Structures are given as C-alpha cells and as structure tokens.
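What follows draws every value from the coordinates through simple rules; no lab data is involved. Because the structure is a prediction, the values reported are computed rather than measured. Cβ sites come from the backbone with ideal geometry, for glycine too, and all protein chains shown count toward neighbours.
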Amino acid sequence: MQWWGYSKEHGWVVLDRSIPRNVPGIKEDLLFLRCRDATTFIEKREKWTRPHYTYAPVYLKGLAPADAVEAAAELETFKALWPDFHREVQRVHQEAVDRIEALRIEEEKKAKQAARDRKKQATAAGL
C-alpha cells in the first residue's frame with residue numbers, strides 16, 4: 001500500500017496508497033511524506049515522474065555499489081518508521097477531509113439561509 005521513491009528535491013519519499021487521493025486513476029494532487037523530516041506535502045500528479053521522482057528499486061540500481069548500499073540502508077531505516085509515518089499521513093488526510101466537510105456544511109447553511117431570506121422577501125412583497 002506504499003510507493004517508496006527518491007526525489008532530488010525531497011530525498012526519500014513515500015506515497016500512502018490507502019489515501020483516496022493517492023489511488024491510481026484519480027485526478028487529484030498527491031499527498032507525499034518526506035522521510036527525512038516526516039513532513040507531508042502535496043505534489044501535482046503530473047510531476048510524479050522521472051527525473052522528479054524515481055521508484056526506490058530503480059533509484060538504487062542507478063547508484064554506484066557503495067552508494068547503493070548506503071542508500072538502501074537509509075531507506076530500510078525509513079521503512080521501519082512506516083507506522084509513525086502512516087499515522088502522520090492519515091492525520092493530515094483526515095484534517096483535510098474534516099476541513100472540506102466543515103466548508104460544505106457552512107455553504108449548505110448559507111444556501112438554506114439565503115432560501116429562507118428569499119422566501120421572507122417574497123412573502124413580504126406579496127402582502
């Protein structure tokens with residue numbers, strides 16, 4: 001459920017595929033986690049290509065042997081932190097979902113109030 005890769009800008013990154021916006025075939029931007037500081041960030045789906053992002057096994061194969069051993073060890077360290085990373089990604093995703101729902105409810109309330117106001121004005125105009 002995760003895609004691990006390397007970015008020249010961000011270093012090791014992980015894409016949690018259990019997040020609806022990160023599912024293949026969706027048009028939304030992607031929610032990544034940057035491993036070095038456990039920070040989430042949004043990236044345009046179109047930018048999720050080489051040379052911006054490289055799938056971890058492909059990246060490791062492209063390194064000199066000594067560098068590949070070091071990079072693989074670093075990646076394994078980050079993979080061991082996945083439970084913590086996963087909680088952070090899920091938290092950020094849930095906060096975004098909650099914000100969107102709160103906005104939807106607020107817009108719905110405004111629309112209902114506007115409809116009540118129009119009805120009052122129509123009633124008042126008919127008197």
message: Cut-off 10 angstrom, C-alpha nodes, Gaussian network model of the chain. Which of Gly25, Gly11, Gly62 fluctuates the most?
response: Gly25
field: Read-out volume of the Cα convex hull per residue in Å³, derived from the coordinates shown; its label in [x] 100; [y] 124; [z] 166
entry: [y]
The chain - charge dipole about Cα centre, Lys and Arg +1 at Cβ, Asp and Glu -1, debye rounded to 20: 900
task: Specify the inter-centroid distance of segment 66-86 and segment 88-127, based on alpha-carbon positions, in whole Å.
output: 45
- request: May I ask you to compute the full-extension gain from Lys27 to Ile100, defined as 0.36 nm times their residue separation minus their alpha-carbon distance, rounded to one decimal in nm?
  value: 24.6 nm
statement: In the neighbourhood of Pro24 defined by beta carbon distances under 12 Å, the net charge of the other residues (Lys, Arg +1; Asp, Glu -1) is +3
- request: Rank these for me by crowding, Ser18, Ser7, going from fewest to most other beta carbons within 10 Å.
  value: Ser18, Ser7
query: Taking Cα atoms, how many degrees apart are the long axis of helix 65-80 and the longest axis of the chain, rounded to 10 and kept between 0 and 90?
result: 40
message: If I fit a long axis through the Cα atoms of helix 82-126 and take the longest principal axis of the Cα atoms of the chain, what angle between them do I get, 0 to 90°, rounded to 10?
response: 10
- prompt: Which lysines, on any chain, are close to Lys109 with Cα under 27 Å apart, when same-chain ones fewer than 8 places away are left out?
  reply: Lys119, Lys120
message: Can you compute the helix-only [θ] at 222 nm over the chain? Use -39500 (n - 2.57) per DSSP H run of at least 4 residues, normalise by all residues, nearest 500 deg cm²/dmol.
response: -18500 deg cm²/dmol
